[in-house]
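Have a look at the structure below, then the notes.
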Amino acid sequence: MAWARLVVTSLLLITPAWKVLREPDNPIYLLGFIVTAVAFAAAVTVRWLLRKGRYGTWIGFASSALDVSLVSLALVLFTFIGGPLFGVNSKVTFEVYFLALAATALRYDKRICAAAGGLAIAQYAALVLFVTWRYDLNVHFAGPGADETGRFVMVDQVTRLILMGSATLVAMLLVNRATYLQNAASTDPLTGKANRAHFLRRAHSEFERARRHRRPLAIAIVDVDHFKLFNDVHGHGVGDTVLITVATLLGRNLRNADMVARYGGEEFALLLAEATLESARMKIDMIRRNVEAAPLDLPDGKEPSRLTFSAGVAVYPDDGDTIELLIATADMRLLSAKRGGRNRVVAGPATGEHKIP
Ligand code: GH3
Ligand code: MG
Ligand code: MG
């Protein structure tokens, strides 16, 4: 997004720069150039802030508000320097509002679209009202530059405001659609938990954070014991219900910063931020006991089988310094839990475990 802003603002600089070079004495052209140069400088600043790791929702709100306000500022300056019709009948600058409003959709946040749209509409409506109150538009219509700026038509101005409202609505709908697709692409449809791809993306970013702040990070791979039996004895429908039950119990016992994901068939992956090997082992063992004790009412009325899981845990930095290494170590410990008799959590170096290079 910061890159796109940089590219767009530098493209927007081309015509004002060309006009200033051709007619250096025209104050309107000079103003257009200065405002676009400010937008370009803002784009450079935003990119610099992001590179320094200063992200946050505020930067989205602030930079979108700045975008639309710069367009309004240009129109206000045109009004005062060129005359009112230069402000409210601008042929090119006004259209930049739509570019700014369309760009808000790239933030994937409807509130930013609505805020930027509302601000743009309020600012432009205020300019139109000011111009109608302050100037005699019939005189200005006949004044200098009249052939360039046309005449003031209130219906056109109202239409412009309606178009700005519509652009805001379209940006919000785009965000809605993108959010829906983003969720669909990162969620497991059966359990409603994150899928493997989403887990890995999040694991990598949490890992970077853990490395930056020198904090521990634990990963666990959980595998339902003898799950195939549920399918074979009770049918796949019951197998699915069991998976949903395990996913719910795993998720219920985690903190907000933690994450549970369906890693594959009957395997789940957990990401425990700030957890040491021992605290992660204790937490997962507590969940294991909860799952073991959870009443399992099978819809077919048959005697419920025992539901248990085995898990392997690995932690940064002790067990490796990449996500791939941590997952491989947790997987190896899961295997050791299965070999040791299932229904257990292996968190330390397993018997026969050799460190993965
Ligand atoms: P172990 O204790 O060694 O882990 O044995 P297990 O039976 O749990 O492991 P195994 O790998 O033999 O069987 C896993 C089964 O999970 C096989 C597969 O058909 C089933 N499975 C995978 N995904 C789904 C799913 O979405 N729904 C259902 N019902 N079954 C699934
Ligand atoms: Mg398995
Ligand atoms: Mg299994």
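The values are calculated or read from the model by the stated rules, or taken from the named source; none is laboratory data. Keep in mind that this is a model prediction, so the values were computed, not measured. All Cβ positions, glycine included, derive from the backbone under ideal geometry; neighbour counts span all protein chains shown. What goes into the accessible areas is simple: the full protein's heavy atoms, side chains included, and nothing from ligands, DNA or RNA. Shrake-Rupley method; radii C 1.70, N 1.55, O 1.52, S 1.80 Å.
What the table below lists for this structure:
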| quantity | calculated |
| --- | --- |
| Across Lys110/Lys193; Lys228/Lys338; Lys52/Lys193, pairs whose alpha-carbon gap is larger than 22 Å | Lys110/Lys193; Lys52/Lys193 |
| Loop-located trypsin sites (Lys or Arg not before Pro) in the stretch 171-253 whose Cβ has at most 16 other Cβ within 10 Å (DSSP) | Arg214 |
| Under 14 Å from Lys283, Cα to Cα: aspartates and glutamates that are on another chain or at least 8 residues apart | Asp258, Glu274 |
| Degrees, to the nearest 10: 277-293 long Cα axis against longest axis of the chain | 70 degrees |
| C-alpha center-to-center spacing [the stretch 151-205, the stretch 6-23] in angstrom | 31 Å |
| Full-extension gain in nm, Ala178 to Arg22, via 0.36 nm per residue minus C-alpha separation | 51.8 nm |
| Ordering of 107-113, 123-129 by burial proxy (mean other Cβ atoms within 10 Å per residue, highest first) | 107-113, 123-129 |
| Calculated log₁₀ intensity ratio I(q)/I(0) where the Debye formula runs over C-alpha points of the stretch 51-129, q = 0.21, 0.25, 0.26 Å⁻¹ | -0.88, -1.10, -1.16 |
| Helical mean residue ellipticity (222 nm; -39500 (n - 2.57) per DSSP H run of 4+; nearest 500) of the chain | -21000 deg cm²/dmol |
| Relative contact order of the chain, defined on C-alpha pairs under 8 angstrom at six or more residues apart (%) | 12 percent |
| Rounded Å value of the spacing that divides the Cα centres of the stretch 217-278 and the stretch 25-67 | 46 Å |
| Gyration tensor verdict on the stretch 2-186 (Cα atoms; rounded if a/c is under 1.5, prolate if a/b is larger than b/c, oblate otherwise) | oblate |
| Three-way shape label, the stretch 154-278, alpha-carbon gyration tensor, a/c 1.5 | oblate |
| Residue order for His234, His213 - accessible surface, 1.4 angstrom probe, largest first | His213, His234 |
| Cα pair distances in the stretch 219-319, grouped into 5 Å bins until the bin that holds the longest one, percent each | 2, 13, 25, 23, 16, 10, 6, 3, 1, 0 |
| Solvent accessible area, Å² - Ser10, 1.4 Å probe, full protein context | 50 Å² |
| Helix 27-51 axis, angle to the chain major axis (alpha carbon atoms, nearest 10°) | 10 degrees |
| Unit charges at the beta carbon, dipole of the stretch 2-186: most positive-side option, Leu169, Leu12, Tyr29 | Leu169 |
| Beta bridge orientation in the stretch 196-346: antiparallel %, DSSP, nearest 5 | 90 percent |
| Accessible area per residue in Å² at 1.4 Å probe, computed on the stretch 220-282 | 41 Å² |
| Area of Trp58 that stays accessible when all protein chains are in place (1.4 Å probe, Å², to 10) | 140 Å² |
| Between 0 and 90°, nearest 10: helix 154-186 axis offset from the chain longest Cα axis | 20 degrees |
| The chain: equivalent-ellipsoid semi-axes (sqrt of 5 x gyration tensor eigenvalues, Cα, Å) | 62, 23, 13 |
| Simple spin-label estimate for Asp136 and Glu278 in nanometres, 7 Å along Cα-Cβ | 8.8 nm |
| The stretch 146-240: relative contact order in percent, alpha carbon pairs under 8 Å with at least 6 residues between | 11 percent |
